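Participant: A single structure is presented below for examination.
The values are calculated or read from the model by the stated rules, or taken from the named source; none is laboratory data. Everything numeric here is computed off the predicted structure, so don't read it as measured data. No Cβ is skipped: glycine too gets one built from the backbone with ideal geometry, and neighbour counts run over all protein chains shown. Areas reflect the complete protein model, heavy atoms only, side chains present, ligands, DNA and RNA absent. Shrake-Rupley method; radii C 1.70, N 1.55, O 1.52, S 1.80 Å.
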Amino acid sequence: MIEEIEPFLQQAAEGGELKPAAIADGLKQLREKIYQDFDQGVPAEKLIHETAALIDRVLEFCFLHFIGDRSRCSCCLVAVGGYGRSELLPGSDIDLMILLEKNANKAQQQQISAFLTFLWDIGLEVGHSVRTTRDCVRQGKVDVTVMTNMIESRLIYGNSKLYEKYQRAIGPKKLWSSRKFFEAKLREQHDRHLRFNDTAYNLEPNIKEGPGGLRDIQIIGWVAKRHFGDKSFKELVEHGFLTEAEYEILDAGQKHLWQVRFALHRLAGRREDRLLFDYQKKIAQRFGFTSGENNLAIEQFMQQYYRTIMELERLSEMLLQIFKEEILLTASQRKLKPINERFNLRNKFIEVAHADVFKQHPPALIELFLLISLTEGCEGVTASTIRLVREHLYLIDDDYRSDDTVNQWFMQLMSAPSGQTHQMRRMNSYGFLAAYIPAFGRIVGRMQYDLFHAYTVDQHTIFVIRNLRRFALEIHEHEFPFCNLVYSKLENPCLLYLAALFHDIAKGRGGDHSVLGAEEATQFCLQHKLNRKDTRIVSQLVRDHLLMSVTAQRKDISDPDVVRDFARQVGSMNMLNYLYLLTVADIRSTNPKLWNNWKDALLKQLYNATKAVIRRGIDQTPDIDEIIQENRDAAYEVMADLPFSSEQIDSVCDRVPGDYFLRHHPLEIKWHVNSILSNPEASRLVSIRQSPQTANTKVFVYGNEVAHAFSQVTGTLGSLGLSILNAEIFTTSDHKIMDTFIILDHNNQAVTDPAIIAEIERRLLKALKSDSIYKGHTNTRKPRQLKAFDHPTTVQFEQDYLNGRTVMEISALDMPGLLSVIANVIAEMDIDITHAKISTLGEKINDIFYLTTTDGKAITNQAMLDQLRENLITALEARKAA
């Protein structure tokens, strides 16, 4: 590669004055050749070093021209950062330091400026600093990032004696002792991990900065270099800090990340460290993955990536623990406290009493994790013990899994009063969980290629357990007080944790993962000596873990029959308590953006309605008219303080259909009635308030019945960047619309800004004057992440004969303005919407509409339904292509 740049350098120097075009052309050609070599299978590890050597030669040539040769040079050109390690990807910045003997005079400043300008002219993206040795000491002393960059320096060209002086000046005996440097890098790592939610298993991970990424590997190298003087990881083996097998894992992991990062630069044509959806599918294909029946190529590639990251995280934890013991602890601090004959507590970290503990007593592998949770003051596991756990996982076989002592200790851990979540993470990280529950091993690192599931299946599972634990702790009661109250009623919380552990364990196998997972859970419970009742509870929770979520979000839970059917499936108050908590924890652990106050309110509503049915008796069918009258009476009670007569209140309530009282809370009915009676002359009105029941923003629209009102309202709200979560559509006996919408802003938050509320009211009042479908502007720009997905549009119908309506379910790729498109299609066919539940699941929508003919009956004309389906699919596919 170096030889190939020489003709371009010589061409640039012809005539005396250095010409940038020739070098720029040479770099462009060689950069493309580097990418072609990568495409043809040359390892990224080889190419990043070759790229660094190529740039070395170009910089040396240019520096010589502008600054002068070594004999006359009083400065140095120094590579720092990643470039200082001779690691350079084609799209990476080139970090340089120009080291001066003393502050530059005017002539030197001009030379340096001309040199740096020329580098930009030839197409190099350079990050640079100009410092004397004194500057380096002063700036390095106050900034560990600057210090880290300088530690990784390498002389490219210039005065070698000056460079040696600089290295002595920043050495650990004069600046940033090993102890202080290590402590600073640990703090830096902790803060960086928090920026990525303390997990490497995000949908679009940052392969450089995320936990387990290249930066964590680099921290090991920086500390090793600062304290031990090691220049390579191989030297850590020689010092006894790494085994040969661990070195190979570390080396292979780093090479894999280099391959991925190089592919990212190749696809982006620039520096890119985020493994975005845009690139994941292409890299999976480039790396030779092919889709199987139940496992997409991209999912296989990402599982390999996540498993690599997990190994690197574990190695990083172990090595940093070794460094901590070596660097931070003095001899007087190395305290040893026996726990039992197998384990000691050393400096707040648990360790085996001798190297053969696991071999002599295999159940100690699970005992270790139990002791961590039970031992006061224990902060973790010593590095040597982590290594021994990994080396003895082979002991976990069928005999081990059926050992009574092992089973007993595992169940004790699941019931531990504290530390449960930490131990689940630790067991997963060390590989114990995958060995002990082989089915769990298949979901480790498994991702699902969508925007709905934000984490890998194993990480999601552990997050569910974490959220359930928070429901048990008083310190977290302010987050979900109702969940804490329900948790206090559980007969056996351990069953809930077991259900959480198994609820997604069969993902990716094909078939119904809930049913397959229930079978796995049943087998596990029987093996661990749970009685038949408890085994049935765990199995049912796993099998039905989606039941409450689906019922609350996709069915009409104001319908007593829906609630009674749900109650019949749940069966008991005890099971309802378990299922409610599992559902809340599951939704909250799927995606941080998924949970909102509306989902919270829906689940509470379903819980309370089901509780009432169970207590009354599931088979005791109440008269629907009785329920309506009870709800109406409750509404009249809260309206007693309104400044209107009972006759005036009757004038509103007598005009609405009976199911209006099923769908609205008494306080909501009070709000509607007060709004109408307070504006007797208004032909139309819009009222907006924050609902105390759901902590969401509700919009009430009232006025003369006009054609396409739903289209106008949804289109207007969509044009304002608002999301509609729910719609209740009613028409009074005297042809007035009484529609209520639940909305959120673009950040999935309630709308509280008075100026925005006023604008919504103004725009809606204007829209209600129109009797045509909405044709205003709607943002059609598709968000970046959505561009990586495609989802077929499907429309399904089901007849609800009991309530005289047709239920339509639409599944489609989410896009801006989608609800307005749907509303327009329905409006054009003169079909009425009585109720709508809007649900966005990552990159797709799953919306439910309750439809009737204009005379309020179910749509039984099959030709009309077929036409509606065809029109919707055509319109939504057209919007997708826009």
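Participant: Kindly indicate the residue of segment 692-708 that is modelled with pLDDT under 85 and of a type outside the set (D, E, K, R) and also most open to solvent (accessible area, probe 1.4 Å) among those meeting that condition. Show your work before the answer.
Facilitator: Kept after step one, since they are modelled with pLDDT under 85, are these residues of segment 692-708: 692-696, 705-708.
Those still in the list that are of a type outside the set (D, E, K, R) too: 692-696, 706-708.
On the way: PRO692: 92, GLN693: 68, THR694: 13, ALA695: 52, ASN696: 2, VAL706: 41, ALA707: 51, HIS708: 48 Å².
Ranking the candidates gives PRO692 first.
Participant: Quick one: in segment 811-844, which of the residues that are open to solvent by 30 Å² or more (accessible area, probe 1.4 Å) and in a strand (DSSP E or B) is modelled with the lowest pLDDT?
Facilitator: The extreme case among them is LEU841.
Participant: Could you check, for segment 447-459, whether at least one of its residues is touching a helix residue (DSSP H, G or I) at 6+ places or on another chain (Cβ under 6 Å), more than 20 Å from SER589 (Cβ to Cβ) and of a type in the set (A, V, I, L, M)?
Facilitator: no
Participant: Next up: Of the residues in segment 670-691, how many are open to solvent by less than 40 Å² (accessible area, probe 1.4 Å) and within 24 Å of LEU725 (Cβ to Cβ)? Steps first, please.
Facilitator: Pass one, segment 670-691, residues open to solvent by less than 40 Å² (accessible area, probe 1.4 Å): 671-673, 675-677, 682, 685-688, 691.
This time we only want the ones that are within 24 Å of LEU725 (Cβ to Cβ), so: 671-673, 675-676, 685-688, 691.
Residues that pass the stated criteria total 10.
Participant: I'm told MET147 meets every condition in (1) part of a loop (DSSP other than H, G, I, E, B); (2) within 27 Å of ASP216 (Cα to Cα); (3) not polar (S, T, N, Q) except one. Can you identify the failing condition by its number?
Facilitator: (1)
Participant: I'm trying to understand the selection: among the residues of segment 753-771, which are closer than 18 Å to VAL706 by Cα and open to solvent by less than 50 Å² (accessible area, probe 1.4 Å)?
Facilitator: Within segment 753-771, LEU764, ALA767, LEU768, SER770 qualify.
Participant: When you go through GLU238, GLU299 one by one, which is the residue that is open to solvent by 40 Å² or more (accessible area, probe 1.4 Å) and among the charged types (D, E, K, R)? Even if it seems obvious, please write down each step before you answer.
Facilitator: Details: GLU299 fails: open to solvent by 40 Å² or more (accessible area, probe 1.4 Å).
Of GLU238, GLU299, the one residue that is open to solvent by 40 Å² or more (accessible area, probe 1.4 Å) and among the charged types (D, E, K, R) is GLU238.
Participant: Oh, and also: Considering only segment 17-28, I want to know if a residue exists there that is surrounded by 12 or more Cβ atoms within 10 Å (Cβ to Cβ), basic (Lys, Arg) and not in a loop (DSSP other than H, G, I, E, B). Explain how you work it out, then say what you get.
Facilitator: First, the residues of segment 17-28 that are surrounded by 12 or more Cβ atoms within 10 Å (Cβ to Cβ): 18-28.
Subset that is basic (Lys, Arg): 19, 28.
Okay, now just the ones that are also not in a loop (DSSP other than H, G, I, E, B), so 28.
So far as segment 17-28 goes, yes, one or more of its residues are surrounded by 12 or more Cβ atoms within 10 Å (Cβ to Cβ), basic (Lys, Arg) and not in a loop (DSSP other than H, G, I, E, B).
Participant: Could you check segment 241-360 for helices (runs of 4 or more DSSP H) lying wholly inside it with 2 or more residues that are of a type in the set (Val, Ile, Thr)?
Facilitator: On the way: elements: 244-268, 277-286, 297-323, 357-360.
Where helices (runs of 4 or more DSSP H) fall fully within segment 241-360 and carry at least 2 residues being of a type in the set (Val, Ile, Thr), they are 244-268, 297-323.
Participant: Looking at segment 65-86, which of its residues are closer than 30 Å to GLU45 by Cβ and touching a strand residue (DSSP E or B) at 6+ places or on another chain (Cβ under 6 Å)? Talk me through it step by step, then tell me what you get.
Facilitator: Here is the first cut: in segment 65-86, the residues closer than 30 Å to GLU45 by Cβ are 76-86.
Within segment 65-86, CYS76, LEU77, VAL78, ALA79, VAL80, GLY81, TYR83, GLY84 meet the criteria.
Participant: Picking from GLU87, GLU45, which residue would you name as being of a type in the set (Asp, Glu) and in a helix (DSSP H, G or I)? Spell out the reasoning first.
Facilitator: On the way: GLU87 fails: in a helix (DSSP H, G or I).
The conditions single out GLU45.
Participant: Any chance you could count how many residues in segment 87-137 are open to solvent by 40 Å² or more (accessible area, probe 1.4 Å), in contact with a strand residue (DSSP E or B) (Cβ under 9 Å, 6 or more places away or on another chain) and of a type in the set (Lys, Arg)?
Facilitator: Final tally of qualifying residues: 1.
Participant: Okay, moving on. Would you confirm whether any residue within segment 474-486 is under 17 Å from the mean Cα position of the chain (by Cα), of a type outside the set (Ser, Thr, Tyr) and farther than 25 Å from LEU276 by Cα? Show your work before the answer.
Facilitator: Taking segment 474-486 as the starting set, the residues that turn out to be under 17 Å from the mean Cα position of the chain (by Cα) are none.
Among the residues of segment 474-486, not one is under 17 Å from the mean Cα position of the chain (by Cα), of a type outside the set (Ser, Thr, Tyr) and farther than 25 Å from LEU276 by Cα, which makes the answer no.
Residue-wise test of (1) of a type in the set (Asp, Glu); (2) within 28 Å of MET302 (Cα to Cα).
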site	(1), (2)
ASP458	yes, yes
VAL464	no, yes
ILE475	no, no
ASN484	no, no
LEU495	no, no
ALA500	no, yes
ASP504	yes, yes
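Participant: Now, a different point. Just need a number here: residues in segment 541-555 that are open to solvent by less than 20 Å² (accessible area, probe 1.4 Å) and farther than 18 Å from SER589 by Cα.
Facilitator: 1
Participant: Answer yes if at least one residue in segment 462-471 is touching a strand residue (DSSP E or B) at 6+ places or on another chain (Cβ under 7 Å) and either farther than 24 Å from PHE277 by Cβ or assigned to a loop (DSSP other than H, G, I, E, B) (or both), and no otherwise. Steps first, answer last, please.
Facilitator: Residues of segment 462-471 touching a strand residue (DSSP E or B) at 6+ places or on another chain (Cβ under 7 Å): 463.
Among the residues that remain, those that are also either farther than 24 Å from PHE277 by Cβ or assigned to a loop (DSSP other than H, G, I, E, B) (or both) are: none.
Within segment 462-471, not a single residue is touching a strand residue (DSSP E or B) at 6+ places or on another chain (Cβ under 7 Å) and either farther than 24 Å from PHE277 by Cβ or assigned to a loop (DSSP other than H, G, I, E, B) (or both).
Participant: Also, I was wondering about something else. Would segment 199-215 turn up any residue that is assigned to a helix (DSSP H, G or I) and open to solvent by 60 Å² or more (accessible area, probe 1.4 Å)?
Facilitator: Taking every residue of segment 199-215 in turn, none turns out to be assigned to a helix (DSSP H, G or I) and open to solvent by 60 Å² or more (accessible area, probe 1.4 Å).
Participant: Among the residues of segment 97-124, write down those that are under 45 Å from the mean Cα position of the chain (by Cα) and in contact (Cβ under 8 Å) with a residue 60 or more places away in the chain.
Facilitator: Scanning segment 97-124 gives LEU99, PHE118, LEU119, ASP121, ILE122, GLY123, LEU124.
Participant: Another question about this same structure. Restricting to segment 488-503, count the residues that are touching a residue at least 60 places away in the same chain (Cβ under 8 Å), assigned to a loop (DSSP other than H, G, I, E, B) and open to solvent by 10 Å² or more (accessible area, probe 1.4 Å).
Facilitator: Number satisfying all stated conditions: 3.
Participant: So, of the residues in segment 533-586 that are touching a strand residue (DSSP E or B) at 6+ places or on another chain (Cβ under 8 Å) and in a helix (DSSP H, G or I), which turns out to be modelled with the highest pLDDT? Can you show your working first?
Facilitator: To start, the set of residues in segment 533-586 that are touching a strand residue (DSSP E or B) at 6+ places or on another chain (Cβ under 8 Å) comprises 553-556.
Going one step further and asking which of them are in a helix (DSSP H, G or I), we end up with 553-554.
Working: GLN553: 88, ARG554: 85.
Checking each candidate, the answer is GLN553.
Participant: Another question, then. If you take the residues of segment 138-162 that are aliphatic (A, V, I, L, M) and either out of contact with any strand residue (DSSP E or B) (no Cβ under 9 Å at 6 or more places or on another chain) or over 30 Å from ARG31 (Cα atoms) (or both), which of them is most open to solvent (accessible area, probe 1.4 Å)? Write out each step before concluding.
Facilitator: Step one: of segment 138-162, the residues aliphatic (A, V, I, L, M) are 142, 144, 146-147, 150-151, 155-156, 162.
Now narrow it down to the ones that are either out of contact with any strand residue (DSSP E or B) (no Cβ under 9 Å at 6 or more places or on another chain) or over 30 Å from ARG31 (Cα atoms) (or both): 142, 144, 147, 151, 162.
Working: VAL142: 121, VAL144: 22, MET147: 0, ILE151: 19, LEU162: 10 Å².
Only one residue fits best here, namely VAL142.
Participant: Looking at segment 379-407, which of the residues that are part of a helix (DSSP H, G or I), farther than 13 Å from LYS359 by Cβ and acidic (Asp, Glu) is least open to solvent (accessible area, probe 1.4 Å)? It would help to see each step written out before you state the result.
Facilitator: Keep residues of segment 379-407 that are part of a helix (DSSP H, G or I), which gives 383-391, 393-395, 398-401, 404-407.
When the remaining residues are screened for being farther than 13 Å from LYS359 by Cβ, the result is 383-387, 390, 398-399, 401, 404-407.
Add one more test, that the residue is acidic (Asp, Glu), and what stays is 398-399, 404.
Numbers: ASP398: 114, ASP399: 117, ASP404: 97 Å².
So, considering only residues that are part of a helix (DSSP H, G or I), farther than 13 Å from LYS359 by Cβ and acidic (Asp, Glu), the one least open to solvent (accessible area, probe 1.4 Å) is ASP404.
Conditions tested, residue by residue: (1) buried (at least 16 other Cβ atoms within 10 Å of the Cβ); (2) over 15 Å from LEU312 (Cα atoms); (3) touching a residue at least 12 places away in the same chain (Cβ under 8 Å); (4) out of contact with any helix residue (DSSP H, G or I) (no Cβ under 6 Å at 6 or more places or on another chain).
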site	(1), (2), (3), (4)
GLU164	no, yes, no, yes
LYS174	no, yes, yes, yes
LYS180	no, yes, no, yes
LYS185	yes, yes, yes, no
ARG192	yes, yes, yes, yes
VAL223	yes, yes, yes, no
GLY229	no, yes, no, yes
GLU248	no, no, no, yes
